[in-house]
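Since the structure comes first, as structure tokens, the remarks are kept for the end.
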């Protein structure tokens, strides 16, 4: 009996514990999420988020800056070697004609047609026909490209040269030699025997009328060009003996005129025609000789740019700093290298200098901050590769 009673009591206790457990579970399930998390101790995430938010509130400024380029000078000078332009003109035999005979009578007629070429017609002047004969009888007619250029009888076996007008000449030309008839004197024959004939002209060699050189721009210079100027002095003996001087940079005309000999010239041109790397400058003239000296390309660059950033300090943050509860730290992080890093940092008109090789620069700026708007300016004194800038309360 007593054993049976003990079993009943134990079973009742187990049932009561189960019921209490179910009631607690149901109670917890119906609690608000915030209370349930606090009761169960599951507030780790919430605490982390709260801490992260606090950290973000302490960051007053965070910027990824990149490269700040420094120019020790606002001009870059490119000296270019002297250029000499000249022309040479020489008399040349354009064609030599073998001996031939022409005649005309009642019972015999013979004329002659010759072809000759002028390869450089544009550069050929004063073309003449030189003749030596062994017999001359009758009126001679000479045609150049079907135009009569001579009519008469030679008074000697070596007459003076016959001039060809430039307007009648072509690259491919025809000469025709004919004689006048003997009239009623049927027993006579007019005849010319030519033993030597040459076509001669003054040919100008223009290969020396062009000269060129190169100069090089760094990529940094190219990206910061603002204006470019070409300086030169053209030396020549007589302005009446020279032609137009043309100057090209990268195949773009920047100057084309007959300059005043020995005068100094400054010719501005658009930097847009320049290339990063190699650039070609070419001088040509249509006539005469020049000595182009003191040639310089001057590039005017944009001024070195500083980086300017703004941040705000609210009232509570300002009080924390002035009460020495927190510090304000300015930190600059650089790309890892051994190069010297120089810059001037300006915080609200307060200056400090950077001159180091280390990857990081940090400074307490408690006494420089102001309640409300603040600024940080970085003015490079060497080219800087900056990973980031941060102003933070700590």
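Want the number for residue 24 to residue 180: 0.36 nm per residue separation, take away the alpha-carbon distance, what's left? Extra length available between residue 24 and residue 180 comes to 41.7 nm. The helix-only estimate of mean residue ellipticity at 222 nm for the chain, built from DSSP H runs of length n ≥ 4 each weighted as -39500 (n - 2.57), is -5000 deg cm²/dmol after division by the residue total.
With respect to the chain, whose longest principal axis is taken over its alpha-carbon atoms, helix 2-29 is tilted by about 40°. If a spin label sat at a point 7 angstrom from the Cα of residue 193 along the line to its beta carbon, the backbone N atoms of region 134-176 nearer than 13 Å would be those of 134-137.
When the chain is treated as a GNM with alpha-carbon contacts under 10 Å, the residue of 206, 258, 101 showing the greatest mean-square fluctuation is 101. Put simply, the Cα atoms of the chain extend 184, 66, 33 Å along their principal axes, the longest span coming first. Counting every other Cβ atom within 10 Å of each residue's Cβ, 106, 368 order from fewest to most as 106, 368. Here the Gaussian network model covers the chain, with springs between Cα atoms less than 10 Å apart; of 367, 306, 286, 367 fluctuates the most. Going from the fewest other Cβ atoms within 10 Å to the most, the residues 325, 76 appear in the order 325, 76.
Post the alpha-carbon centroid distance, region 92-121 to region 317-345, in whole angstrom. Comparing the Cα centres of region 92-121 and region 317-345, I get a distance of 97 Å.
For the chain, take the longest principal axis of its alpha carbons; what is the angle in degrees between that and the long axis of helix 44-58, to the nearest 10 within 0 to 90? Helix 44-58 and the main axis of the chain meet at about 50 degrees. Between region 360-393 and region 148-211, the alpha-carbon centres lie 91 Å apart.
Exposure proxy ranking for 310, 143, based on other Cβ atoms within 10 angstrom of each Cβ and starting from the fewest, stands as 310, 143. Once the Cα-Cα distance is subtracted from the 0.36 nm per residue extended length, the residue 216 to residue 14 segment shows a gain of 63.2 nm. Highest GNM mean-square fluctuation among 375, 318, 141, for the chain modelled with Cα contacts below 10 Å: 141.
Laboratory data are not the source of any read-out in this text; all were calculated from the coordinates shown. Keep in mind the model is a prediction, meaning the values are calculated, not measured. Note that we place each Cβ from the backbone using ideal geometry, even for glycine, and neighbour counts take in every protein chain shown.
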